[in-house]
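The values are calculated or read from the model by the stated rules, or taken from the named source; none is laboratory data. Just so it is clear, the model here is predicted, and its values are computed rather than measured. Positions of Cβ are generated from backbone atoms using ideal geometry, with glycine treated the same way; all protein chains shown enter the neighbour counts. Areas reflect the complete protein model, heavy atoms only, side chains present, ligands, DNA and RNA absent. Shrake-Rupley method; radii C 1.70, N 1.55, O 1.52, S 1.80 Å.
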Amino acid sequence: MRDWRKVLEEIDSGTERVVTTLSGLSDEEMAAPSALPGWTRAHVATHIARNADSLWNLLEWARTGVEIPQYPSFAARDADIEAGAARCRSALVADVRATAARFSEQARSLPSAAWDAKVRAMPGFEHPAWYSVYRRLNEVEAHHVDLAAGYGPADWPETYVRWALPSTLRDLAALPAELQGEVGGFRLIATDTGESADLGNAAGPVISGSGRALLGWLSGRSDGSGLALRPDGALPVPPPWPHAPSGL
């Protein structure tokens with residue numbers, strides 16, 4: 001894993017790119033559909049902000065030793081997003097900025113002894129507090145793409161791809177076969193980096209392409225353009241991403 005301080009710098013830069021994209025949209029464009037079914041761009045922007053708050057909660061849990069759930073519940077999370085999506089662009093931009101700064105301050109001021117404290121993600125898996133920083137990086141970069149406003153996997157920083165692809169392949173391979181979905185039995189190969197994952201069958205069909213193309217597809221942020229499948233056929237549908245981390 002890279003030093004979390006460097007990751008925080010990448011998060012700050014990524015957030016500024018999100019803010020730039022949001023600031024270039026009109027109120028009408030904010031209310032238009034995003035790449036996520038049923039969500040407008042305003043829903044996505046609100047989720048980016050509420051996610052920062054939720055991960056702040058996990059770091060506060062690590063700081064104090066008092067359990068604080070990431071979100072009170074899935075229903076409460078969804079209600080907050082729905083309510084926030086009704087706001088104008090300027091309010092949404094201010095929210096994304098303020099919550100990102102709050103998360104960054106919390107992370108940078110967390111005592112060293114707290115970084116290894118165990119916290120629990122909303123889906124139920126436990127992880128050290130430091131992994132919250134990496135989760136936030138995924139959220140910022142993936143949901144920037146979900147705004148469907150000109151930023152795509154091709155725009156992801158190379159440093160992000162170099163971390164997120166190996167992490168995704170490792171975590172996907174560690175999933176039980178029943179959770180790998182349609183990609184179970186396939187072999188995935190990044191032709192530019194050599195990263196690979198055998199999902200239960202080293203001699204199975206092969207999906208290959210650049211690491212960026214693989215990450216875009218596995219994360220649900222592309223249709224698999226740029227990937228090759230041997231033998232020929234339709235690409236399988238990847239399971240929901242991101243996956244529970246393995247080996248932490």
- request: Report the relative contact order of the stretch 33-170, percent, no decimals, based on alpha-carbon pairs under 8 angstrom and at least 6 residues apart.
  value: 32 percent
- prompt: In nm, to one decimal, how far is the modelled label at residue 9 from the one at residue 66, with both set 7 Å along Cα→Cβ?
  reply: 3.5 nm
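Considering only protein heavy atoms, what per residue accessible area in square angstrom results for the chain with a 1.4 angstrom probe? Mind dumping the intermediate values first?
Numbers: 10990 Å² over 248 residues.
On a per-residue basis, the chain sits at 44 Å².
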- line: Whole-percent carbon and sulfur contribution to the accessible surface of the chain (1.4 Å, no ligands, DNA or RNA) stands at 54 percent
- prompt: What number, in percent, do you get for the relative contact order of the chain if the mean sequence gap of Cα pairs under 8 Å and at least 6 apart is divided by its residue count?
  reply: 18 percent
query: Rounded to the nearest 5, what % of the DSSP beta bridges within the chain are antiparallel ones?
result: 70 percent
task: Subtract the Cα-Cα distance of residue 94 and residue 230 from 0.36 nm times their separation in residues, and report this length gain in nm to one decimal.
output: 44.2 nm
- prompt: How many nm separate the modelled label positions at residue 126 and residue 78, each set 7 Å beyond the Cα in the direction of the Cβ?
  reply: 2.9 nm
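Calculate the FRET efficiency for residue 16 and residue 53 from the Cβ-Cβ distance with a Förster distance of 25 Å, rounded to the nearest 0.05.
Values: r = 19 Å, r/R0 = 0.75.
Efficiency at R0 = 25 Å is approximately 0.85.
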- prompt: GNM, the chain, Cα, under 10 Å: largest mean-square fluctuation among 221, 136, 108?
  reply: 108
- prompt: For residue 203 and residue 246 in the same chain, what is the full-extension length gain: residue separation times 0.36 nm, less their Cα-Cα distance, in nm?
  reply: 13.1 nm
query: Say we join alpha carbon atoms closer than 10 Å with springs in a Gaussian network model of the chain; which of 117, 75, 31 then has the biggest fluctuation?
result: 75
task: Provide the FRET efficiency to the nearest 0.05 for the residue 108-residue 193 pair, computing r from the beta carbons and using R0 = 45 Å.
output: 0.90
message: Using 0.36 nm times the number of residues separating residue 29 and residue 116, minus their current alpha carbon distance, what extension gain do you get?
response: 27.1 nm
